[in-house]
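Here's the structure, in structure tokens; my notes come after.
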Amino acid sequence: MRRLARSARSFLPAQLSMAQLRESAAGCTGCDLYKHATHTVFGEGAVRASMMFVGEQPGDQEDLAGRPFVGPAGRILDKALAEAGIARRDLYVTNAVKHFKWEPQGKRRKHKKPSATEIAACRPWLEAEIAVVKPRVIVCLGVTAAQAVFGKAVRLNEMRKRPWSTPIAPSVFVTVHPSAVLRHPDAVERDHEYRGFVEDLRSIRLHLRSKAA
Ligand code: URA
Ligand code: SF4
């Protein structure tokens, strides 16, 4: 991945600990997204988690709460995790981009996809989180997360259903983003997408268990 003139890199603390990272990220101005957001939404969860989940970027509710996946997408994620037999408290959950990107739509703040430059600018935080947590498995929720973890654009359907190894993580799975499930206009299709999501999560859990011991 090319080097950027501006990125989160210069904000990284000298010592990589979760507390230090969180504190330093709160003041990050490594790209312009901090300007219109409320908080840096850093990852959270078990610091020695065997699984790390990576989303795209905080949404409206996450921006206000300062915590990842606490809004509508988080509720779908929680439901799917429970059905797949995975406890959220055992995970570390984060996002590829730590500030909410949006555009006004009436009174609402409408989610706007982060650019490749913003994903790359924010990547040092994700790399540092991976270095501290050292998860055995990383689960990318959607293509933005995958782009951050793989360092290049990827296609969802070509990446699903098997683990990949990348320079920053040995075992990476890619599945659908819970918001994509939520957004499906057709109820039958939506249910189908949701089932596929739960199925992916279940097989990731079994993969992890088969590699345990
Ligand atoms: N969508 C994401 O990708 N991350 C969040 O934290 C919330 C919604
Ligand atoms: Fe820093 Fe990432 Fe926020 Fe940009 S999005 S200001 S790189 S934390």
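Listed values, structure above:
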quantity: Accessible-area composition of segment 107-213, carbon plus sulfur, in percent [1.4 Å probe]; calculated: 54 percent
quantity: Estimated 222 nm signal from helices in the chain, with DSSP H stretches of n ≥ 4 weighted -39500 (n - 2.57), rounded to 500; calculated: -12500 deg cm²/dmol
quantity: Tensor-based shape of the chain (alpha-carbon gyration tensor, a/c under 1.5 rounded, otherwise prolate or oblate); calculated: oblate
quantity: Length-normalised contact order for the chain - Cα pairs under 8 Å, 6+ apart - percent; calculated: 22 percent
quantity: Rounded to 5, percent antiparallel among DSSP beta bridges of the chain; calculated: 40 percent
quantity: Probe 1.4 Å, protein heavy atoms only - accessible area per residue of segment 24-80 in square angstrom; calculated: 40 Å²
quantity: Efficiency of FRET from Cβ geometry, Ala5 and Asp78, R₀ 30 Å, rounded to 0.05; calculated: 0.15
quantity: Efficiency of FRET between Ala187 and His207 - r from beta-carbon atoms, R0 25 angstrom, step 0.05; calculated: 0.25
quantity: Within straight-line cross-link reach of Lys107, lysines at Cα separation under 28 Å, skipping those fewer than 8 residues along the same chain; calculated: Lys35, Lys98
quantity: Distance from segment 147-201 to segment 18-40 (C-alpha centre basis), Å; calculated: 27 Å
quantity: Linear extension gain, Arg48 paired with Ala153, 0.36 nm per residue minus alpha-carbon span; calculated: 35.0 nm
quantity: For segment 1-86, convex hull of alpha carbons as volume per residue, Å³; calculated: 127 Å³
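The values are calculated or read from the model by the stated rules, or taken from the named source; none is laboratory data. Remember, predicted model here, so these are calculated numbers, not experimental data. Every residue, glycine among them, receives a Cβ derived from its backbone with ideal geometry; neighbour counts consider all protein chains shown. The accessibility values were calculated without ligands, DNA or RNA, using every heavy atom of the protein model including side chains. Shrake-Rupley method; radii C 1.70, N 1.55, O 1.52, S 1.80 Å.
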